[in-house]
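What follows is calculated from the coordinates using simple rules that are stated; it is not laboratory data. Computed from a predicted structure; not experimentally measured. Glycine gets a Cβ as well: all are built from the backbone with ideal geometry, and neighbour counts include every protein chain shown.
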Amino acid sequence: MKKNIFFLCISLLLCACNKGNNPSNSADQVQIQIEKETLAIVIHAGAGTILKENISDSMELAYKTVLEKSVRSGYEILENGGTSLDAVETSIRILEDSPLFNAGKGAVFTNAGTNELDASIMEGKTKNAGAVAGVTTVKNPITLARAVMEQSEHVMMARKGAETFAKEVGLTLVDPEYFYTESRMKALKRAQHRDSASKTSYYDPFAKDEKFGTVGCVALDKSGNIAAGTSTGGMTNKRWGRIGDSPIIGAGTYANNSTCGISATGWGEFFIRGVIAYDISAMMEYAGLSLQEAANKVIHEKLPEMGGDGGIIGIDQKGNIATVFNTSGMFRASIDKTGTLSIELYSEDQ
Ligand code: ASP
């Protein structure tokens, strides 16, 4: 209501200022004003075999409570005139600090029983980006990714070097023990047991489901700037310094003000090979598809054709939100351009 009155006043003011001028000019200005005021935010916390029958009411409530806190905190920043970058970082930090998700505290374990964290962030106005891979002592990898973007001339840093940089810029470091959770350790044991029983690749059909909980956020701020970010512990039982799509710009994260912002989750190897986040943006840019059409094509056609699964969240420059996945569920929440909150865990047919 307040917003409507605000826009009405702006419209009247612009009309008054333009008296005597070409009337179509004032209409254009009002249009620009309205588009610039559009806000939207969407988050995800992983896609996979997420079935209602496997999640108790109390766990469902626990997931939804953190999702709501995260999306509302980001939105509040946008409402107060903050940047989409601040909103994305804030929302993701809340998810990283929760043991429920596969990012920060609660990250999955590698084959060696360690937690190696990946994250990336990108802003659509400048196409600046920052990413980190394989860090083990940084409490909030998304904040380190942002520091790489803003406080270094590089885009991506890995392992010890990234941690030295984190120390230099004064980020919070923790003992690697901080990331330990019982449930993720049990998931590692299950994966390793299957491994030794089958002697097949560690990407057995169940390993994918031992990891859901990667987190991401995309936001559009009052100035029309889109930002996107993603943070993860990767895949349970990963080996040999494996790095997934989440810290790879164009695969797990992408943002371009003239198309969209995207954060992805799923089987990372396929998202890297399909350059999934950028592919959606490219289809919008070069083929004129809408965000929803491009995301449907990539997630429901191109990704499964390669054998991959997962999903994406995205926002276009008009504030339209897309949440698309080819798994049975994806933890997601959004506040759209009308201010409507939505929190969902499962696909619509469950
Ligand atoms: N994409 C992440 C990775 O492969 C995992 C996930 O999103 O669940 O590292």
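Data overview
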{"item": "Distance (nanometres) between label positions extended 7 Å along Cα→Cβ at Ser73 and Asp349", "result": "3.6 nm"}
{"item": "In degrees, nearest ten, helix 23-36 long axis to first principal axis of the chain (Cα)", "result": "20 degrees"}
{"item": "Cα-based shape type of region 53-150, given that a ≥ b ≥ c are square roots of the gyration tensor eigenvalues and the cut on a/c is 1.5", "result": "oblate"}
{"item": "Overall form of region 265-350 per C-alpha gyration tensor (a/c, 1.5; a/b vs b/c)", "result": "oblate"}
{"item": "Spacing of the two label points (7 Å from each Cα toward its C-beta) at Thr338 and His154, in nm", "result": "4.7 nm"}
{"item": "Whole-Å distance, taken between Cα centres, linking region 108-176 and region 46-74", "result": "26 Å"}
{"item": "Within region 100-126, backbone nitrogen closer than 16 Å to the virtual label 7 Å beyond the Cα of Ser196 toward Cβ", "result": "111-113"}
{"item": "Nearest 10 degrees, 0 to 90: helix 84-97 Cα axis against the chain principal axis", "result": "30 degrees"}
{"item": "C-alpha long axis of helix 182-198 to longest principal axis of the chain, angle in °", "result": "60 degrees"}
{"item": "Gained length - Glu301 relative to Glu53, 0.36 nm times residue gap less alpha-carbon distance", "result": "86.5 nm"}
{"item": "Residues Met156, Met284, Met122 arranged by fewest to most Cβ contacts within 10 Å", "result": "Met156, Met284, Met122"}
{"item": "Taking Lys186, Lys297 and counting other C-beta atoms within 10 Å, the order from fewest to most", "result": "Lys186, Lys297"}
{"item": "14 Å beta-carbon shell around Met59, net charge (K/R +1, D/E -1)", "result": "-1"}
{"item": "Normalised convex hull volume, the chain, alpha-carbon set, Å³ per residue", "result": "143 Å³"}
{"item": "Relative contact order %, the chain, counting alpha carbon pairs below 8 Å whose residues are six or more apart", "result": "23 percent"}
{"item": "Estimated vicinal HN-Hα couplings, Hz - region 114-131 in sequence order (Karplus 6.51, -1.76, 1.60; Gly, Pro = x)", "result": "10, 10, 10, 9, 10, 7, 8, 8, 8, 10, x, 6, 9, 6, 6, 8, x, 8"}
